[in-house]
1. Give region A:45-71 a look and list any residue that's of a type in the set (Lys, Arg) and either part of a strand (DSSP E or B) or on the phi > 0 side of the Ramachandran plot (or both), or say none.
2. Which of the residues that make up region A:72-88 are assigned to a strand (DSSP E or B) and either surrounded by fewer than 22 Cβ atoms within 10 Å (Cβ to Cβ) or more than 14 Å from chain B (Cβ to nearest Cβ) (or both)?
3. Which of the residues belonging to region A:92-108 are at the interface with another protein chain (Cβ under 9 Å from one of its Cβ atoms) and either within 18 Å of B:Lys57 (Cα to Cα) or part of a strand (DSSP E or B) (or both)?
4. Checking A:Gln38 against (1) within 14 Å of another protein chain (Cβ to nearest Cβ); (2) within 16 Å of A:Val4 (Cα to Cα); (3) surrounded by 17 or more Cβ atoms within 10 Å (Cβ to Cβ): exactly one of these is not met. Which one?
Amino acid sequence: AQRVTQPEKLLSVFKGAPVELKCNYSYSGSPELFWYVQYSRQRLQLLLRHISRESIKGFTADLNKGETSFHLKKPFAQEEDSAMYYCALSSTGNQFYFGTGTSLTVIP
Amino acid sequence: DAGITQSPRHKVTETGTPVTLRCHQTENHRYMYWYRQDPGHGLRLIHYSYGVKDTDKGEVSDGYSVSRSKTEDFLLTLESATSSQTSVYFCAISGGRYDNEQFFGPGTRLTVL
């Protein structure tokens, strides 16, 4: 069965420190993975998708099929990065599975 | 933001009453979804639609029904609201240029007393 696990519900880091939000998945096929971000009082928006291999707002994420992980990383956290982050997996038929989310707080 | 709106944005209702939430899109995307967002549970899929009059159940569909009579509208109905259905409800769409990228609506905050 498809599953996305985000082990950390809450994560706090100091401004300027590196940050890593963990995401592990289980899926029998070739997954497509995403990170979505929800800033306070705003709608969810796409941050990254693994196939594009982009760096958005300084964030990167690498798909590791051996470890079934798609961790989100940023070398230097900023206060504006404080938000809720969701890892998501897309399967055939445009079905999506979301993790439970990680609330990131960047301490000034 | 993609052209997705939800109405109402906030609603307070009483246990046992029916409630209908509306999602409207102007993007002509094929797929539409209803999620609920709860602390500790993240986003959970209630129902989704893969075309007009084509819908299927998600992870937490009990107590909810949906209808999609035209491409742009996807209605979520709570047949008899319960306090456990107090939540924030998000609509999403996909099926555009990046076929499986989802775009979300602004959410509806529902409180069942």
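1. Matches in region A:45-71: A:Arg49, A:Arg53, A:Lys57.
2. If the condition is that a residue be assigned to a strand (DSSP E or B) and either surrounded by fewer than 22 Cβ atoms within 10 Å (Cβ to Cβ) or more than 14 Å from chain B (Cβ to nearest Cβ) (or both), then A:Leu72, A:Lys73, A:Lys74, A:Ala83, A:Met84 are the ones that fit.
3. Of all residues in region A:92-108, those at the interface with another protein chain (Cβ under 9 Å from one of its Cβ atoms) come to A:93-101.
The answer is A:Gly93, A:Asn94, A:Gln95, A:Phe96, A:Tyr97, A:Phe98.
4. For A:Gln38, the exception is condition (2).
Conditions (1) more than 14 Å from chain A (Cβ to nearest Cβ); (2) out of contact with any Ser or Thr (no Cβ under 8 Å at 6 or more places or on another chain), marked per residue:
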position: B:Arg9; (1), (2): no, no
position: B:Val19; (1), (2): yes, no
position: B:Ile46; (1), (2): no, no
position: B:Ser49; (1), (2): no, no
position: B:Lys53; (1), (2): yes, no
position: B:Lys57; (1), (2): no, yes
position: B:Gly63; (1), (2): yes, no
position: B:Glu72; (1), (2): yes, no
position: B:Ala92; (1), (2): no, yes
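Values quoted throughout were computed directly from the atomic coordinates according to the rules given, and no laboratory measurement underlies them. If you're wondering where the values come from, they're calculated on a predicted model, not measured in any experiment. Glycine also receives a Cβ, built like all others from the backbone with ideal geometry; neighbour counts cover every protein chain displayed.
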